[in-house]
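A short write-up of the structure that comes next.
Every read-out reported here was derived from the displayed coordinates using simple, explicitly stated rules and does not represent laboratory data. Being a predicted model, the structure only gives us computed values, none of them experimental. Note: ideal-geometry Cβ built from the backbone for every residue, glycine included; neighbour counts use all protein chains shown.
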Amino acid sequence: MRQPGIIEGNAGVLWRGFKVVSGKGSNAVPALAMRELTGGYSQRRPVLHEVSITVNPGEMVGLIGLNGAGKSTAIKHILGLMVPQSGEVRVAGATLEENRDLYRSSTAYVPEQPSLFPNLTVREHLQWTAMAYDLEQTAATSRMEELAETFRMTEAFNSLPDTLSKGMKQKVMLMNALLVKPPLLIIDEPFLGLDPLAIRGLLAALDDVRAEGSAILLSSHILPALERKANRLVVLHRGRIIAEGTPREVKAQAGCTDPESTMDDAFELLVLAAEGGHPRA
């Protein structure tokens, strides 16, 4: 059943929201507060086990783990697509049950696989998003042009999705999310399919929205980018958090003593330790 305020279509679901003021600082309400959440598809075999994740305004938190670690399940719980077995999720200070409109309108999600309307051009996708989120027209148009330049999509502005590569489709998804500048932006594997210049442009764009107060939860296997840009990392393994903190703190938790150790090195050590194995010689 369609809920009030929902606009649905082939590209997913966008919510006609209202402006949410989220400031920085110690007294700011977290954009995301997941507290000791246990959940998944089955009561008998939960995927997540007492997982807690906090993302504050202006922060980027990287969510990393092997395939099947529980990252997608965590994101589905945050989006309200799954009901926790225990624990809770708060977005902009509210649970989905307490304030559905606030919860929904405070989040934008970019999935790993692009999903676009086949009969809308790149420009029309952005215009549709601006209308769905009730953005001011002049400011939204200016922002669209900036994003098109950032992602080198100006020449494709009037193109339909079927004429675009997968990487270009992913750029369209990212441009729509960044146009909104929500309190919480959730991005799943944004670097897949992007060329080096697009990755650089994306990271710069994410820096901009963070500076304006948006919080970002970014799930990726591209650990060097997260090491450079994320304020904190959360490492999931078999539905449990096995390490968290700044990139330096996560390396320390992994036992990386070599100053040239990478986040890939630390991740391998953490997973092997969690599985009772030993690092390769």
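With neighbour counts taken as other beta-carbon atoms within 10 Å, the residues Ser220, Ser42 rank, fewest first, as Ser42, Ser220. Backbone phi angles across the stretch 51-56, fed through the Karplus curve with coefficients 6.51, -1.76 and 1.60 (θ = phi - 60°), yield HN-Hα couplings of 8, 10, 9, 10, 10, 8 Hz in residue order; Gly and Pro are listed as x. Relative to the longest principal axis of the C-alpha atoms of the chain, give the angle of the C-alpha long axis of helix 137-150, reported between 0 and 90° and rounded to the nearest 10°. It works out to around 50 degrees. If R0 equals 45 Å, the separation of the Cβ atoms of Glu124 and Arg238 corresponds to a calculated FRET efficiency of about 0.55.
Helix 122-132 sits at what angle to the longest principal axis of the chain, using alpha carbons and giving 0 to 90 degrees rounded to 10? Result, in degrees: 90. Each part gets one Cα centre, and for the stretch 94-160 versus the stretch 221-271 those centres are 32 Å apart. Among beta bridges from DSSP that stay inside the stretch 6-274, the antiparallel ones total about 55%. Short-range pairs are left out: with C-alpha atoms under 8 Å and at least six residues apart, the relative contact order of the chain is 23 percent. Its Cα centre serving as origin, the chain has a Cβ charge dipole (Lys and Arg +1, Asp and Glu -1) of approximately 480 debye. Whole-Hz Karplus values for the stretch 36-49 come out as 6, 7, 10, x, x, 8, 9, 5, 6, 10, x, 7, 9, 10 Hz, taken residue by residue from phi with 6.51 cos²θ - 1.76 cosθ + 1.60 and θ = phi - 60°; glycine and proline positions read x. Charge tally around Leu96: other residues with Cβ under 11 Å, Lys/Arg +1 each, Asp/Glu -1 each, net -1.
Restricting to the stretch 185-281, what percent of DSSP beta bridges are antiparallel, rounded to 5? Among the beta bridges of the stretch 185-281, antiparallel pairing accounts for roughly 55 percent. Taking amide H atoms as placed 1.01 Å from N in the peptide plane, the amide H of Arg90 lies under 5 Å from those of Ala33, Met34, Arg35, each 5 or more residues away in sequence or on another chain. Based on DSSP H segments of at least four residues, each scored -39500 (n - 2.57), the chain has a per-residue ellipticity at 222 nm of -10500 deg cm²/dmol.
Of the two radii for the stretch 6-274, the radius of gyration is 0.96 times the Kirkwood radius, both from the alpha carbons; that is the Rg over Rh value. Taking the three principal axes of the alpha carbon atoms in the stretch 34-117, the coordinate ranges are 32, 31, 27 Å, sorted in descending order.
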